[in-house]
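What follows is a short report on a single structure.
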């Protein structure tokens, strides 16, 4: 790997190596720019380092403490936050449905939330590129959304027990289902400068670290590409300061490595640390916030799950967690809420399952032991839907300091009214599907997924933090690219869109 | 790395040493089993004993015949000052939560039954825990520490530790750690050889 001197003024420092940062690092390096990436965690070697054990794999979880408030506090840690080269893609389930064109225009359509300053057409070429680069396994044709120019390069992954049950229940109720699109290989796959990656072996451990490289986390896709083209990935480096000159331009990034401060001089900064750490860094440095929107508009997709026990043997840890999808509810008719949601089948690892079960049902003692004896026969169904921005939902700096001496962030979240009504609709439907499929001892897990919106994109510097090209309205050489810049949550899982937005931001930057 | 613990049956040892389990997985599981032989560093002996019994009750484990002392892992975490990445904003930091919470458990037991928690019979202990869970427990501690939250946090951590322990996992018939060859049969009513082995040899039969 090429190394740069701290004193050398590199073209770009990218903070974060996840879905937002990694595509940018590789795109800029490929164009011949000098790029240094700062990653707070380690660069793992999956085959050697990753155990099939949830507790051991907590080493991939961002464990600097966040404080969670509001009426529906969002759990952080393994629920939504990774650390290491790969960022949260180390823990993502690799669902990669495309957003729909109307996902970008909910304000135009419903008069709520915010439109994006870009649309599906701006991102379509990048979806085409990403699905081939990452090796997305999916059905052709895809049953929902506009027609595509490029088909999925690989056929869908096999359906596990949970998927078969969701298919059974949905068929009875006339809900269309399909194998899902997942950035997980259904056969060995070669990419130039990345090499060969292996087929998925159905470990079902996507959410705790893929040991085979079949899942397209950025550490096995974009980062090797970036290193090939001369980018430097510095690990265990925690960015703390953006140094700004009298003209208001960033001149360097200060970071901690082994408790010691270092500084990298640079011409540009791409801040891609996720929707919690990105605004946190800006607030700590008191930068980039003339709009007052940094930290505001925190969103988390409605992600309610319904679980049940079945007569069949399921072994719910096998196969990718979510092999089946329905997007029939993307824009349901005759409902009392804006936007919509999708449905996904879900398998689950044991500790994740039991943890959610006790927090949702409060079961303990003998009752809990009995429920857990049924683990090999449980399956879940999951929805993923729109969350609107709300005044009540935001991030601020607290008075408590973490082990690095930095103020811990506090995040307030309360499910907004639209989300409540949407969630109720979805929960009723999922309970019905599960009952028809044969579920007993059903219980619901109320949860919200992902961290979104806290440095939103817009066309107006008065109520957005960055413009449509990810550039800060305040600081001419600062770009932000991660889930924080989404002006709306989308109904679909965000990662494919984050990566597409990242490639577009990189291309726009390079053209300047 | 081979396991050699005297309190694990030969059958479990052979399974953990088998080719069905990858090296990183084996290493993690063996380390956890050996860690269960440790002693308290964070809690006083009194608090540690109280927490141990509390965790036993939550997991319906017999204190005289434990599969694992869950409190040891909580003690270890607090001694290392590590966390899982978040806490409820209305709760104190974890070490304070546990100190206060344990005090509150004894207070509730005293007010309800005139004895400390560990001096009570199992049925009374369960009643005290139920009161803490549903927010009706009395005591000064609970005026500043939300008892429902404390219970939820304690239960969640206890549960995660218990069901991360290899012997507990085998007891419920979980075979997912044995994925060295991946899984080929993943549909309904499809069990692979390794899963049938775990079910026949370990499910419900580990003590």
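The values are calculated or read from the model by the stated rules, or taken from the named source; none is laboratory data. Since we're looking at a predicted model, the values are computed, not measured. Because the Cβ atoms are built from the backbone with ideal geometry, glycine has one as well, and the counts that use them run over all protein chains shown.
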List the number of the failed condition for residue A:165; all other conditions in (1) within 13 Å of chain B (Cβ to nearest Cβ); (2) assigned to a loop (DSSP other than H, G, I, E, B); (3) in contact with a helix residue (DSSP H, G or I) (Cβ under 7 Å, 6 or more places away or on another chain) hold. (2)
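In this structure, does residue B:126 turn out to be within 14 Å of another protein chain (Cβ to nearest Cβ), assigned to a helix (DSSP H, G or I), within 30 Å of residue A:71 (Cβ to Cβ) and modelled with pLDDT of 95 or more? Working first, answer last.
On the way: within 14 Å of another protein chain (Cβ to nearest Cβ): yes; assigned to a helix (DSSP H, G or I): yes; within 30 Å of residue A:71 (Cβ to Cβ): no; modelled with pLDDT of 95 or more: yes.
So residue B:126 does not fit the description; no.
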Output the number of the condition that residue B:181 fails; it satisfies all remaining conditions of (1) in contact (Cβ under 8 Å) with a residue 12 or more places away in the chain; (2) within 30 Å of residue B:23 (Cβ to Cβ); (3) surrounded by fewer than 19 Cβ atoms within 10 Å (Cβ to Cβ); (4) more than 10 Å from chain A (Cβ to nearest Cβ). (4)
Selection status of residue A:320, surrounded by 23 or more Cβ atoms within 10 Å (Cβ to Cβ), within 23 Å of residue A:208 (Cβ to Cβ) and under 22 Å from the mean Cα position of the chain (by Cα): yes
Give the residue, chosen from B:34, B:96, that is surrounded by fewer than 14 Cβ atoms within 10 Å (Cβ to Cβ), within 13 Å of another protein chain (Cβ to nearest Cβ) and not in a loop (DSSP other than H, G, I, E, B). B:96
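Does residue B:108 fit the bill of being away from chain A (no Cβ under 14 Å) and not in a helix (DSSP H, G or I)?
Values: away from chain A (no Cβ under 14 Å): yes; not in a helix (DSSP H, G or I): no.
No, not satisfied.
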Check residue A:103 against each of (1) surrounded by fewer than 24 Cβ atoms within 10 Å (Cβ to Cβ); (2) more than 14 Å from chain B (Cβ to nearest Cβ); (3) in a helix (DSSP H, G or I) and name the one condition it does not meet. (1)
Subset tally (residues that are within 14 Å of chain B (Cβ to nearest Cβ) and assigned to a loop (DSSP other than H, G, I, E, B)) for the stretch A:307-350: 17
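Would you check which residues across the stretch B:149-177 are part of a loop (DSSP other than H, G, I, E, B) and more than 8 Å from chain A (Cβ to nearest Cβ) and list them? Steps first, please.
Of the residues in the stretch B:149-177, the ones part of a loop (DSSP other than H, G, I, E, B) are B:163-165, B:172-177.
Of everything in the stretch B:149-177, just one residue is part of a loop (DSSP other than H, G, I, E, B) and more than 8 Å from chain A (Cβ to nearest Cβ), namely B:165.
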Restricting attention to the stretch B:129-148, which residues are in contact with a helix residue (DSSP H, G or I) (Cβ under 6 Å, 6 or more places away or on another chain), over 19 Å from residue A:359 (Cα atoms) and either in contact (Cβ under 8 Å) with a residue 60 or more places away in the chain or not in a helix (DSSP H, G or I) (or both)? B:137, B:138, B:139
Taking the stretch A:222-268 and keeping residues part of a loop (DSSP other than H, G, I, E, B) and either in contact with a helix residue (DSSP H, G or I) (Cβ under 6 Å, 6 or more places away or on another chain) or at positive phi (or both) leaves A:229, A:230, A:231, A:236, A:248, A:258, A:259
Among what's in the stretch A:72-89 and is part of a helix (DSSP H, G or I) and touching a residue at least 40 places away in the same chain (Cβ under 8 Å), pick the residue that is farthest from the other protein chains (Cβ to nearest Cβ). A:89
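Those residues that are on the phi > 0 side of the Ramachandran plot and without any contact (Cβ under 8 Å) to a residue 40 or more places away in the chain, I need them from the stretch A:195-221; list them, please.
A:195
Go through the stretch A:33-54 and report how many residues are assigned to a loop (DSSP other than H, G, I, E, B) and more than 21 Å from the chain's Cα centre (by Cα). Let's see the steps before the verdict.
Keep residues of the stretch A:33-54 that are assigned to a loop (DSSP other than H, G, I, E, B), which gives A:33-34, A:39-45, A:50-54.
After this cut, where a residue has to be more than 21 Å from the chain's Cα centre (by Cα) as well, the list is A:33-34, A:45, A:51-53.
Counting residues in the stretch A:33-54 that are assigned to a loop (DSSP other than H, G, I, E, B) and more than 21 Å from the chain's Cα centre (by Cα) gives 6.
State all residues of the stretch B:63-87 that are facing chain A (nearest Cβ under 10 Å) and surrounded by fewer than 17 Cβ atoms within 10 Å (Cβ to Cβ); if no residue qualifies, say none. Talk me through it step by step, then tell me what you get.
Of the stretch B:63-87, the ones facing chain A (nearest Cβ under 10 Å) are B:73, B:81-87.
Selection gives B:81, B:82.
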Return the residues of the stretch A:55-71 that are surrounded by fewer than 24 Cβ atoms within 10 Å (Cβ to Cβ), part of a loop (DSSP other than H, G, I, E, B) and either in contact with a helix residue (DSSP H, G or I) (Cβ under 9 Å, 6 or more places away or on another chain) or facing chain B (nearest Cβ under 7 Å) (or both); say none if nothing qualifies. A:55, A:63, A:64, A:65
